[in-house]
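Shown next, in structure tokens, is the structure this report addresses.
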């Protein structure tokens, strides 16, 4: 599973892609919000929405990939953080304690996953959340390239 939060001025877009162990596409979701947050807060919110979606789907044994080093480090930190970022990370950690028994959260460079990046342009054009049960056309070439 991968997710990415793309922050633009006054707006952030979240792309979530669920793939199996062989990198085959399973599902995807895009969300777009108009908000004013620091970039790291928007990225942490993206992580929270990805975790929440998968906990609602009752998926387990999931490897989460994030493109935000700040969010990754905050999630794994043992330090208390009372900032807005810290509160969101705490909510993410609570989801894991309650809903996931076998998981891993890893940092991956943004360039490493072209499939999720293909959703970036798609999400910026959408006004409401969209769920994909088949790969959207914008992802087809990238999916084939990653599976080779």
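Observations
- Normalised by 2.2 N^0.38 Å, where N is the number of residues, the C-alpha radius of gyration of segment 12-77 stands at 1.15.
- Peptide packing: for 51-57, 19-25, the average count of neighbouring Cβ atoms within 10 Å per residue gives the ranking 51-57, 19-25, highest mean first.
- Extending 7 Å from the Cα toward the beta-carbon at both residue 104 and residue 83 defines two label points whose distance is 2.8 nm.
Quick note: the coordinates plus some simple rules give every number you see, no bench work behind them. The shown structure was predicted, so the numbers you read here are calculated from the model rather than taken from an experiment. So basically every Cβ, Gly included, is an ideal-geometry build from the backbone, and we count neighbours across all protein chains shown.
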